[in-house]
Amino acid sequence: QVQLVESGGGLVQAGGSLRLSCVASGRTFSIYAMGWFRQAPGKEREFVATISWSGGNTDYADSVKGRFTISRDNGKKTLYLQMNSLKPEDTALYFCAARPGAGSRWSGEYVYWGQGTQVTVSS
């Protein structure tokens with residue numbers, strides 16, 4: 001079992017920055033690929049970014065590429081999402097997730113999920 005707890009969300013003006021964190025507990029964090037997903041009201045959950053267990057491979061949704069950076073610290077069992085140049089359309093509940101094997105864009109392939117942290121970007 002892996003437990004995931006997100007933090008770092010909040011209210012920010014357009015153009016601002018936030019850094020989300022996801023702390024893992026339980027089984028060995030370093031063997032899992034991790035991902036960030038988000039869900040806006042009335043919309044389906046969508047992929048944001050993923051990172052391999054080593055941190056050597058990353059992938060981003062086109063909508064965030066060049067603005068968001070995913071990273072991890074296996075020693076601290078923590079996943080990060082640095083979000084810059086935020087836009088109102090980035091407003092959503094952000095979730096971290098873990099899966100064995102390689103990173104993936106598909107939410108159905110993730111086994112463990114956090115409860116989410118709210119990000120609100122005002123115009």
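The values are calculated or read from the model by the stated rules, or taken from the named source; none is laboratory data. Here the structure is a predicted model, which is why all the values come from computation and not from measurement. Backbone-built Cβ (ideal geometry, glycine too); neighbour counts: all protein chains shown. Accessible surface areas use protein heavy atoms only, side chains included; no ligands, DNA or RNA. Shrake-Rupley method; radii C 1.70, N 1.55, O 1.52, S 1.80 Å.
Looking at segment 62-74, is at least one residue touching a Lys or Arg at 6+ places or on another chain (Cβ under 7 Å) and free of Cβ contacts under 8 Å to residues at least 24 places away in the same chain? There is no residue in segment 62-74 that is touching a Lys or Arg at 6+ places or on another chain (Cβ under 7 Å) and free of Cβ contacts under 8 Å to residues at least 24 places away in the same chain.
Within segment 82-94, the residues that satisfy the criterion of being touching a Ser or Thr at 6+ places or on another chain (Cβ under 8 Å) and either over 12 Å from VAL64 (Cα atoms) or buried (at least 17 other Cβ atoms within 10 Å of the Cβ) (or both) are MET83, LEU86, PRO88, THR91, LEU93, TYR94.
Among the residues of this structure, ARG105 does not count as one that is of a type in the set (Lys, Arg), on the phi < 0 side of the Ramachandran plot, part of a strand (DSSP E or B) and open to solvent by 20 Å² or more (accessible area, probe 1.4 Å). As for segment 29-41, it holds at least one residue that is at pLDDT below 95, closer than 18 Å to GLN115 by Cα and either among the hydrophobic types (A, V, I, L, M, F, W, C) or under 11 Å from the mean Cα position of the chain (by Cα) (or both). All of SER25, SER54 fail the test of being of a type in the set (S, T, N, Q), open to solvent by 40 Å² or more (accessible area, probe 1.4 Å), at pLDDT below 95 and not in a strand (DSSP E or B), apart from SER54.
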